[in-house]
Amino acid sequence: MFYPVIEVFAAKAPPSGVFRHGVVFCAQLLLFAAGAHGQATNYWIAGDGNYTNPANWSLGVVPGKTDVAVFTSPATYTVTFTADVDPEFDVKEGDVTLYLLAGTCSSVALTVSPGAGGVLNLTSGYTCDGGAIPEYRFLVHTPGGTGLTQVGAGGALNVNCVHLDTDRLVSTNGGNVFFNSGAVTLRGDSIIRRPGANIVLGGDAVPTELLSLNLVSVSPMTVTLEPAGGSGTTYVGSTNPGGGRAMMTVDGSGVAATNSGFTIIGDGTGGNGMVVTNGGRYVSTQGLSLGGQVTSTGNVLRVAGAGSRVEMPNGIIEIGRAGADNRVEILCGGVLMDGFGMIGPSFGTSSGQTVRVDGVGSVWSNTQMLIVGHEGGGNHVLDVTGGGKVCAPSAQIGSGTSFGNEVRVMGDSFFDIWGELTVNGGSTVTVGDTSTAKAGRVDIIGPSDILVSNAVLMVSNVTVNAETRAILAAAGIIMRDPDTPASSPSDPVVTVKDQGELAGDGSISGDVRNAGVIKPGKSPGSIGITGSLVLSNTSLLEMELAGALTNEYDRILVGATLYADGTLRVVLTNGFSPACSNSFKLFDFADLSNTFASVSIPALGAGLQWDTSRLYIEGSIRVGLDPVFDNDGDAMPIGWEQGRL
């Protein structure tokens, strides 16, 4: 039988704060293999001790590269060693800490066998500095990529301030894996299943430390996370406000992580993140939250690179459930797909959450609804730039309790809504990039509504398609960026297509081209247009009269030219009956071109008629006496009696 040659150097004490207890100070050593022997099962027979002391092993020799080092003692103890001791490890019982003082320990298998509740703690003499991946590594690897780290039923694996680099990791039937600090790299198909509990990346032991979970592979692989049987939560970052942080990376084409439960990035602690790059894919079946139940700030979800995807097709993504400065970055062709997208909390208050969608092919797709600013807090920002795209059946920007939210669509980018777009709560939607002369687009595909209430929709161009209504309410404004003034009727800021509708009470900075319906006010109201109003032959203007005072009837105020065409329809509402001499100034304009193709006005009471002679001069109509009406029964028309006939 071959015996390795050992050189012993000065003893080195492990640092304070080592995970678990029972650490033994030991000599640092180098192990040189001069030959090979057949595989043997070698049992640890000591308590705390040095791995390289032959007296600690049942066979009287240190396990070699092809041997199996087995731990069966029910006690709690620490086995200390340096690099280059490379057997298979099997913990069958007890609470065992493998304490690595330097370098890399290689193995083809690392096992916590099912049955007796064994615990394997991987730790090292490396001092975690809160960010860097530890230099000391347990490498579980074969040339064929079949190296296996396995935790059986009743067992537990703890990773603390060390790098576990394994081809595959499998925990099943109640085998628990605790990623506390340091790093874990998975290179092949793996499964982490905790039937009765959540999965937590980033432990509570050392708050300043960071756990890095890296899913990387040169070939397709899938890592499956199953917290609490699929009904629980995977936490990226400790659930304890004083706990550690975590960063999860899914990197490479064909590399996927699937989570059967919910995902929270940053619950009790801040500064956590998930990065999906280079074609990687993360699926969270029930949804994802950035920032958890308590104040958690500075958490990041980044989806970057063509083919990179984060998916929760029927779930919710909540950006900033608590805390501030949580952000999502969808870059360079990355895709985020969810059912319900929400920037800002569904309950409580939070502020300053940010989503950036940047680059051609970068997409945030919501299959149900998008909300920017829901409850409490505010000042949330959605930036769509560089050809990025955000789409949803409907979108709400701001609410009655969330103010100052902003959506910016710049540089040939797209904001596509095929239902309602509601902008309120002092929020702003800005579309168009004056610095590069590239116009973003808001596409509203009907039947749908654009509602702008106590807010601003600032656009270069917005199209109100067939069966769509644009509604201005309570100081709502649709406006062109002030640095890009309206140039001509052929360059409108708002286009209302045939069967589309512009309605409400507010103002539009720029031009309007209308082939559909314009209905000012909410019985009644006014629409102000700083530029020109261009009406086509299919245009319909419906103006309501509810009284004779200026604020009791609809008005359209045109700052430049009113290009008349189509139909003007005047209707009475709220039981109003105009009286003689009532005058209604329906339009203000600086200039007028053309006339309406038809004017429809309601019938008046006996002896009254409409006078439209001033319509194309000052935009008004008035009620006068019918000159052929016999008002006193003497068979003489009133016009004759007054000398007008």
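The values are calculated or read from the model by the stated rules, or taken from the named source; none is laboratory data. Being a predicted model, the structure only gives us computed values, none of them experimental. So basically every Cβ, Gly included, is an ideal-geometry build from the backbone, and we count neighbours across all protein chains shown. To get the accessible areas, we keep the full protein, side chains included, count just its heavy atoms, and leave off ligands, DNA and RNA. Shrake-Rupley method; radii C 1.70, N 1.55, O 1.52, S 1.80 Å.
Data overview
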read-out: Any hit, region 165-181, residues being touching a residue at least 12 places away in the same chain (Cβ under 8 Å), hydrophobic (A, V, I, L, M, F, W, C) and more than 26 Å from G230 (Cβ to Cβ); value: no
read-out: Residue count, region 167-189 (criterion: crowded, with 24+ Cβ neighbours inside 10 Å and polar (S, T, N, Q)); value: 3
read-out: Identity of the residue in region 499-538, among the charged types (D, E, K, R) and either modelled with pLDDT under 85 or assigned to a strand (DSSP E or B) (or both), that ends up surrounded by the fewest Cβ atoms within 10 Å (Cβ to Cβ); value: K522
read-out: So I343, is it in contact (Cβ under 8 Å) with a residue 60 or more places away in the chain, aliphatic (A, V, I, L, M) and open to solvent by less than 10 Å² (accessible area, probe 1.4 Å); value: yes
read-out: Condition met for V200 (open to solvent by 10 Å² or more (accessible area, probe 1.4 Å) and free of Cβ contacts under 8 Å to residues at least 60 places away in the same chain); value: yes
read-out: The one condition in (1) of a type outside the set (S, T, Y); (2) modelled with pLDDT of 85 or more; (3) loosely packed, with under 14 Cβ neighbours inside 10 Å; (4) assigned to a loop (DSSP other than H, G, I, E, B) that P578 fails to fulfil; value: (3)
read-out: Output for region 390-406, where each listed residue is open to solvent by 10 Å² or more (accessible area, probe 1.4 Å) and not hydrophobic (A, V, I, L, M, F, W, C); value: P393, S394, Q396, S399, G400, T401, G404, E406
read-out: Wholly within region 256-311, strands (runs of 3 or more DSSP E) carrying at least 2 residues that are at pLDDT 90 or above and either over 13 Å from the mean Cα position of the chain (by Cα) or within 21 Å of A228 (Cβ to Cβ) (or both); value: 262-265, 273-277, 281-284, 287-290
read-out: Residue match in region 228-244 (condition: open to solvent by less than 10 Å² (accessible area, probe 1.4 Å), part of a strand (DSSP E or B) and within 26 Å of R327 (Cα to Cα)); value: yes
read-out: Members of region 594-610 that are surrounded by 14 or more Cβ atoms within 10 Å (Cβ to Cβ) and assigned to a strand (DSSP E or B); value: V599, L608, Q609, W610
read-out: Residues within region 541-556 that are part of a strand (DSSP E or B) and surrounded by 18 or more Cβ atoms within 10 Å (Cβ to Cβ), tallied; value: 7
